[in-house]
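Enquirer: A single structure is presented below for examination.
The values are calculated or read from the model by the stated rules, or taken from the named source; none is laboratory data. Quantities reported herein were computed from a predicted structural model and do not represent experimental measurements. So basically every Cβ, Gly included, is an ideal-geometry build from the backbone, and we count neighbours across all protein chains shown. In case anyone asks, the SASA skips ligands and DNA or RNA and just uses the protein heavy atoms, side chains included. Shrake-Rupley method; radii C 1.70, N 1.55, O 1.52, S 1.80 Å.
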Amino acid sequence: MRKIIAVAGPTAVGKTKYAIETAKAFNGEIVSCDSMQLYKYMNIGSAKPTAEEQAQVKHWLVDQIDPKEPFSVARYSEMARAAIDDIFRRGKTPVIEGGTGLYLNSILYEMDFSGASVDMELRSTLENEAELFGPEYIYNKLKETDPEAAERIHPNNVKKVIRALEGAISGNSIADFKNCNEKCKDYDAILIGLTRNRPELYDRINRRVDIMVEQGLFSEVEELLEMGLDEDDISMKGIGYKEVIGFFDGLYSQQEAIDLIKKNSRHLAKRQLTWFRRYEDMKWFNLSEYANDEDAVGEIIKWLQTQGI
């Protein structure tokens, strides 16, 4: 069966470099598996691959979606699988790279998105409950129904709480997607997980945020706001964007916004590692254990060669 390679791991671990080297070694092209790098205009805060990096190996699903446009896991799955088919047709190896676990699931497993249709009666009932009893009541209802979703959503984001409740009540909660059992029949996946010792990873996260600020993160967010985007757009809820919006709204100082981005990025890294460690067949490489990137790349490629790539 045809094989794809997936390079996954937490934010700032170094996935882009390793995916590029892997793609070079196996005549591959990269399919991004990142929920923020899909968006146009959002270059700095999403840590999008540079023009130089994209010139080394063809990247798919980067700079594809207008940030004002609604986007779903179902649509990502459709686009990613089309890209994978195109890469296979030309005799190349698809290398999936990114840290969005739900997107990776949508490639690896047969996920039924058809049941996620909107139940207007249910939505109306939940909206009425929120209006009658307040945001706290509806949020507590989500905590009872889908605690994992509740952990990710702010209690005051009533619209998002209601959408999550719709999914949970109808049996289409995001939590269910983690328990997919039927693997995609079109290809086998060789899974590589990248990690580093926690102090090193956190230091890399902090340094990355400082670099983003130096590169003009605040100006990027300001330009997006001038384009008509705001905090209600899904694209602007990404880490690095929502905190800067808070600064522009006067909620905290610039330094407080920067510190918050670092803190939220560290929390994201922990959640990503928790997600990816659920994959029993993922081969992990602790990059902190190697003298340099070249040694680690060599070890990964050597292991992949034993997997029939």
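Enquirer: Based on alpha-carbon positions alone, could you give the equivalent ellipsoid semi-axes of segment 184-280 from the gyration tensor, as √(5λ), descending, whole Å? Spell out each step's value before the answer.
Expert: On the way: eigenvalues 178, 68, 26 Å².
Those come to 30, 18, 11 Å.
Enquirer: Still on this model: Against the globular-protein guess of 2.2 N^0.38 Å, express the Cα radius of gyration of segment 252-309 as a ratio, rounded to two decimals. Each step should come with its number before you reach the end.
Expert: On the way: Rg = 16.9 Å, N = 58, 2.2 N^0.38 = 10.3 Å.
So segment 252-309 has a normalised radius of gyration of 1.64.
Enquirer: With each label point set 7 Å from Cα along the Cα-Cβ vector, what nm distance links Glu222 and Asp66?
Expert: Those two pseudo-labels are separated by 2.5 nm.
Enquirer: Going 7 Å from the Cα of Lys24 in the Cα-to-Cβ direction, what parts of segment 40-55 have a backbone nitrogen less than 12 Å from that spot?
Expert: Answer for segment 40-55: 53-55.
Enquirer: Tell me, what ³J(HN,Hα) does each residue in segment 139-149 have, in order and in whole Hz, if you take phi through Karplus 6.51 cos²θ - 1.76 cosθ + 1.60 with θ = phi - 60° and put x for Gly and Pro?
Expert: Karplus values, whole Hz, x for Gly and Pro: 5, 4, 5, 5, 4, 6, 7, 8, x, 5, 5.
Enquirer: By the gyration tensor of its Cα atoms, with a ≥ b ≥ c the square roots of the eigenvalues, what is the shape of segment 23-108: rounded for a/c under 1.5, prolate for a/b over b/c, or oblate? Walk me through the intermediate numbers first.
Expert: On the way: a/c = 1.90, a/b = 1.22, b/c = 1.56.
Oblate, because a/c is 1.5 or more while a/b does not exceed b/c.
Enquirer: Measure up Lys24/Lys237; Lys58/Lys302; Lys3/Lys283; Lys183/Lys262; Lys263/Lys302 against 25 Å on the Cα-Cα distance and list the ones that go over. Please report the intermediate quantities before stating the final value.
Expert: Numbers: Lys24/Lys237 34 Å; Lys58/Lys302 23 Å; Lys3/Lys283 15 Å; Lys183/Lys262 35 Å; Lys263/Lys302 36 Å.
Checking Cα-Cα distances, Lys24/Lys237; Lys183/Lys262; Lys263/Lys302 exceed 25 Å.
Enquirer: Roll a 1.4 angstrom probe over the protein heavy atoms and tell me the percent of accessible area of segment 208-284 that is carbon or sulfur. Could you put the intermediate results ahead of the total?
Expert: Details: 1950 of 4280 Å².
Looking at segment 208-284 in its full context, I get 46 percent from C and S.
Enquirer: With the other protein chains left in place, how much accessible area per residue, in square angstrom, belongs to the chain at a 1.4 angstrom probe? Walk me through the numbers on the way to the answer.
Expert: Numbers: 15420 Å² over 309 residues.
Ligands and nucleic acids excluded, the figure is 50 Å² per residue.
Enquirer: Okay, next question. Please list, in order along segment 182-191, the HN-Hα scalar couplings obtained from phi with the Karplus expression 6.51 cos²θ - 1.76 cosθ + 1.60 (θ = phi - 60°), rounded to whole Hz, x for Gly and Pro.
Expert: These are the phi-based 3J(HN,Hα) values: 8, 6, 4, 7, 7, 6, 9, 10, 9, 9 Hz.
Enquirer: Taking 7 Å along the Cα-to-C-beta vector as the label spot, tell me the Gln215-Gln54 distance in nanometres, rounded to one decimal.
Expert: 1.2 nm
Enquirer: Work out, step by step, the length gained on full extension between Asn197 and Glu256: first 0.36 nm times the residue separation, then minus their alpha carbon distance; give nm to one decimal.
Expert: 18.6 nm
Enquirer: Ok, one more. Compute the whole-percent fraction of alpha carbon pairs in the chain spaced more than 27 Å apart. The partial results should precede the final answer.
Expert: On the way: 21736 of 47586 pairs.
The share of Cα pairs beyond 27 Å in the chain comes to 46 percent.
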